[in-house]
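For reference, the structure discussed in these notes is given below.
The values are calculated or read from the model by the stated rules, or taken from the named source; none is laboratory data. Not measured: the values here are computed from a predicted model. Ideal geometry is used to build each Cβ from the backbone, glycine not excepted, and the neighbour counts take in all protein chains shown. All accessible areas refer to the heavy atoms of the entire protein, side chains included, with ligands and DNA or RNA removed. Shrake-Rupley method; radii C 1.70, N 1.55, O 1.52, S 1.80 Å.
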Amino acid sequence: MGKYVMKVNEKGASFNLVAGNGEVIGRSEHYTTESACVNGIESVKKNAPVAPVEDQTKEGSSEKNPKFEVYKDKAGEFRFRLKARNGEIILASEGYVSKAGCLNGIDSVKRNAESEVKKAEA
C-alpha cells in the first residue's frame, strides 16, 4: 500500500502520493496551511476512486468533475491531473512517455487513494 507524504514548513504544506514501491504517483499544489493540505488529501481519497478519465488527447472526451484529465504537455509527455467537484486541481502527475503509462498512474492513484498520511521529516 502507498502513503501520503505531507511536507510542512513555515510557508505552508504540500503532499505527495507515493506508491508502495516508493515512486511518487502525484503531487499536490502548495497550501498555505497544514489543515488545508489535510483537506486536499481527504479530497483525493474521496474523489479519486469515483473519478472518470477524460482523455484530452483525442476529440469528444468530456466528463463532469470530479475527473482525471489526461493531456500532453509541451515536451510531448503524457500527464494527468485529478480535479475535485469544484474544478480545482488536487493532484498532478509527472510526465509519462506513453499514454498507457499515464493511465497506469491513474490506476495507481485509485488503488492507493485510501493510504495513510505520514509527515515528512523536516
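Couple of notes before you dig in:
- Charge tally in the Cβ shell below 13 Å around Glu114, where Lys, Arg are +1 and Asp, Glu are -1, Glu114 excluded: +3
- Only one item in (i) 15.4, 49; (ii) 19.2, 63; (iii) 14.0, 45 matches Rg and Dmax of the Cα atoms in Å derived from the coordinates shown, and that item is (iii).
- Positive-end residue of Gly22, Asn65, Ser108, charge dipole of the chain with Cβ unit charges: Asn65
- Principal-axis tilt of helix 34-47 within the chain, Cα atoms, nearest 10 degrees: 40
- Per residue, the accessible area of region 1-117 comes to 54 Å², computed with a 1.4 Å probe over protein heavy atoms only.
- Taking Cα centre as origin and charging only the Cβ of basic (Lys, Arg, +1) and acidic (Asp, Glu, -1) residues, the dipole magnitude of region 19-121 rounds to 180 debye.
- Charge tally for Lys67 (other residues, Cβ to Cβ under 13 Å; Lys, Arg +1; Asp, Glu -1): 0.
- Charge dipole (debye, nearest 20) of region 1-59; +1 at Cβ of Lys and Arg, -1 at Cβ of Asp and Glu: 200
- Heavy-atom accessible surface of the chain: percent carbon and sulfur, 1.4 Å: 47
- Under 14 Å, Cβ to Cβ, from Glu77 - net charge with Lys/Arg +1 and Asp/Glu -1: +3
- Against the chain, whose longest principal axis is taken from its Cα atoms, helix 99-112 shows a tilt of about 40°.
- Selected from Ser108, Ser61, Ser43 as most flexible by GNM, with the chain as the system and alpha-carbon contacts under 10 Å: Ser61
- Taking each DSSP H run with n ≥ 4 as -39500 (n - 2.57) and averaging over every residue of the chain yields -7500 deg cm²/dmol at 222 nm.
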